[in-house]
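See structure below.
The values are calculated or read from the model by the stated rules, or taken from the named source; none is laboratory data. All figures in this text were calculated on a predicted structure; none of them were measured in a lab. With ideal geometry, Cβ positions are generated from the backbone for all residues, glycine too; neighbour counts draw on all protein chains shown. When the accessible area is computed, the model is the full protein with side chains, heavy atoms only, and any ligands, DNA or RNA have been set aside. Shrake-Rupley method; radii C 1.70, N 1.55, O 1.52, S 1.80 Å.
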Amino acid sequence: ASVFAHAHEGIVITGADGTILDVNDTFSSITGYSYNEVLGKNPRVLKSGVMPPELYRNLWETLIAGKEWRGELQNRKKTGDLYWEKQHISPVFDAAGGITNFIAVKEDVTEQKRAERALRESEGRFRSLIALSSDFFWETDAQHRFRSMDYKELFLGPMPSTAYVGKTRWEVPHVLPDAEGWQRHRAVLEARLPFRGFAFARRAEGGDIRHFEVS
């Protein structure tokens, strides 16, 4: 009883027909509905109307088949606000194997969803900037190995950008050696400081030398 009452996730216990028999305090704090307001009702009181009907059909068919259901639903609070929750619903069986109850554990993941959406939007703007810019962009891991590279033929020549993934910047073919400059560049980055104005030269496929400045 103590675990039920003080769990960080919302918990709902229903009968085999889906009628709500009990909820914990976290459920009430997430949804705005008190125990008395949902007792005897169906969990569809939280239904937002924005999720596809087939999702609910799959959920119920999975449960009455005696299986667990896991997924995410966008539900509606008592205030009318929409929120996302991650759910894990399990059937409870009697000694004969019949379903007596369902227990749903519900985690509010609204902020996580909002952060993921903001990240996707930010990455989309960044990718658009890269596509429109005449500059050359790359991304490396903490060991300075290329993770991704924006293709610019001026820099890469005919070799595809994927050929550089996994290599460090000082292993890129045709970069003219400047051990002191690269070491200084590397030391500043390892100190987690921005590095601006590092210049290096690269010999192009045709033999011409091109000069680049890196930030």
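Brief remarks follow.
- Among the residues making up the range 115-144, those that are within 20 Å of Ala163 (Cβ to Cβ), open to solvent by less than 90 Å² (accessible area, probe 1.4 Å) and at pLDDT 80 or above are Glu139, Thr140, Asp141.
- Cβ-Cβ distances below 8 Å connect the following pairs, each with a first residue in the range 71-82 that is more than 13 Å from Lys113 (Cα to Cα), a second residue that is open to solvent by 80 Å² or more (accessible area, probe 1.4 Å), and a separation of six or more residues or different chains: Gly71/Lys86; Asn75/Lys47; Arg76/Lys47.
- Residue count for the range 12-32, restricted to those that are touching a residue at least 24 places away in the same chain (Cβ under 8 Å) and either acidic (Asp, Glu) or over 19 Å from Arg76 (Cβ atoms) (or both): 4
- Taking the numbered list (1) touching a helix residue (DSSP H, G or I) at 6+ places or on another chain (Cβ under 8 Å); (2) open to solvent by less than 50 Å² (accessible area, probe 1.4 Å) in turn, Leu59 passes all entries but (1).
- If you go through the range 77-111 and keep only what is in contact with a Pro (Cβ under 8 Å, 6 or more places away or on another chain) and at pLDDT below 95, you end up with nothing.
- Count - residues of the range 64-110 that are assigned to a strand (DSSP E or B), aliphatic (A, V, I, L, M) and either surrounded by fewer than 16 Cβ atoms within 10 Å (Cβ to Cβ) or out of contact with any helix residue (DSSP H, G or I) (no Cβ under 9 Å at 6 or more places or on another chain) (or both): 4
- Any hit, the range 113-134, residues being farther than 22 Å from Lys77 by Cβ and touching a residue at least 24 places away in the same chain (Cβ under 8 Å): no
- Checking each residue in the range 19-31 for being surrounded by 15 or more Cβ atoms within 10 Å (Cβ to Cβ) and of a type in the set (Gly, Ala, Ser) picks out only Ser28.
- Qualifying residue in the range 38-56 (condition: open to solvent by 90 Å² or more (accessible area, probe 1.4 Å), free of Cβ contacts under 8 Å to residues at least 40 places away in the same chain and either in a helix (DSSP H, G or I) or touching an Asp or Glu at 6+ places or on another chain (Cβ under 7 Å) (or both)): yes
- Extreme residue, surrounded by the most Cβ atoms within 10 Å (Cβ to Cβ), among residues of the range 164-179 that are among the aliphatic types (A, V, I, L, M) and modelled with pLDDT under 75: Val172
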